[in-house]
Amino acid sequence: MKLFGRTTSFNVQKVLWLLEELNVKYEHIELGGRFGGLDESEFVKLNPLQKVPVLIDGSKSIWESHTILRYLAASYGNESWYPACPYERSLSERWLDWSQTIFQPAFMGTFWGYYRKPEDKRDMETVNKDLDTCINCLQAIEKQLSQSEYLAGDNFSLADIVVGAVIYRLISQGLTVKLPDLVCSWYEKLNERPGYKKWVMSDFSELKAREGF
Ligand SMILES: N[C@@H](CCC(=O)N[C@@H](CS)C(=O)NCC(=O)O)C(=O)O
C-alpha cells in the first residue's frame with residue numbers, strides 16, 4: 001500500500017493517522033506543495049483531479065480523503081470501524097459529511113485568510129466571521145460530547161479522526177480559540193494516540209504566509 005501526499009496537508013494527515021490506527025503497513029511518498037509532482041503524467045493517471053491524498057492499494061487508486069478513510073476502514077478495520085448496519089454507520093458518517101461541508105470550509109477560511117496570508121494582506125473581518133463559524137462548530141461538538149465519549153458513540157471512530165485533524169490546526173495557528181470543556185478533555189485523549197501525535201501534531205510552519213501551494 002502507498003500513500004501519496006505531503007505531510008503538511010491535513011487531508012493527508014487524516015489518512016496517515018488512520019493507517020497507524022489500523023496498524024497497516026504502508027509506504028508514504030511526499031507529493032504536492034513544495035515537493036510538486038501533481039502534474040506528472042503518472043500521477044494524473046492516479047488522480048485526474050491532481051490533488052493529494054491518493055492511496056494505492058495493489059492495482060487500485062483511491063482519492064478524496066474521506067473516501068479513502070471509508071475504504072480503509074471497510075477493508076482493514078473491524079466491524080466497529082465500519083459497521084455493516086447503515087444506521088450504526090451513519091453515526092460516524094454524519095460527522096464526516098458535516099466536517100467536510102461545514103467545519104472544514106470555515107477552518108480553511110481562517111487558515112488561508114490568516115495563517116497563509118502575509119500580515120499586511122489579511123482581511124481580519126472575513127477571518128473573524130469564519131472564526132465565529134468555527135466557534136459555533138465547537139459548540140456543536142461540545143453538545144455531542146455531552147451525550148457520548150467520542151463523536152459517534154463510546155468508541156473512537158472516523159468521526160474523531162476528521163474533526164480531530166481540523167482542531168489541531170485551528171488552535172495552533174495563532175488565533176485565540178478556547179476549546180469548550182468537553183471538547184478540551186476529548187482533545188487531550190486524542191493527544192495520547194500515537195498516530196495523532198506523529199502525523200497531526202506536526203510542524204506546519206513552512207506554510208506560514210505561503211499563498212500558493
Ligand atoms: N476534498 C479533497 C481535497 C484535496 C485537496 O485539495 N488537497 C490539497 C492538499 S490539502 C492539494 O492537493 N493541494 C495541492 C498541493 O498540495 O500541492 C480531499 O479531501 O482529499
Seminar exercise, completed: When Val52 is run through (1) of a type in the set (Val, Ile, Thr); (2) under 13 Å from the mean Cα position of the chain (by Cα); (3) surrounded by fewer than 17 Cβ atoms within 10 Å (Cβ to Cβ), the failure sits at (3)
For this session: Only residues in the range 34-63 that are over 21 Å from Leu18 (Cβ atoms) count as the first member; pair them with residues that are aromatic (Phe, Trp, Tyr), Cβ under 6 angstrom, at least 6 apart or cross-chain, and list the lot.
Result: Gly37/Phe43
Exercise. Are any residues in the range 72-88 crowded, with 19+ Cβ neighbours inside 10 Å and part of a helix (DSSP H, G or I), and if so, which ones?
Worked result: Leu72, Ala73
Problem set entry | Residues satisfying the stated conditions in the range 11-35, i.e. more than 9 Å from the ligand (Cβ to nearest atom) and surrounded by fewer than 13 Cβ atoms within 10 Å (Cβ to Cβ) | Asn23, Lys25, Glu27
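Taking the range 36-78, which residues are of a type in the set (Phe, Trp, Tyr) and near the ligand (Cβ under 8 Å from one of its atoms)?
Of everything in the range 36-78, just one residue is of a type in the set (Phe, Trp, Tyr) and near the ligand (Cβ under 8 Å from one of its atoms), namely Trp63.
Any residue in the range 18-33 that is part of a helix (DSSP H, G or I), over 16 Å from the mean Cα position of the chain (by Cα) and modelled with pLDDT of 95 or more? Full working, then the answer.
Let us first name the residues in the range 18-33 that are part of a helix (DSSP H, G or I), namely 18-22, 33.
With the extra rule that they be over 16 Å from the mean Cα position of the chain (by Cα), the set shrinks to 22, 33.
Remaining after also requiring modelled with pLDDT of 95 or more: 22, 33.
Yes: one or more hits.
The values are calculated or read from the model by the stated rules, or taken from the named source; none is laboratory data. Model, not experiment: these values are computed from the prediction. Here the Cβ is made from the backbone with ideal geometry for all residues, glycine too, and neighbour counts use every protein chain on show.
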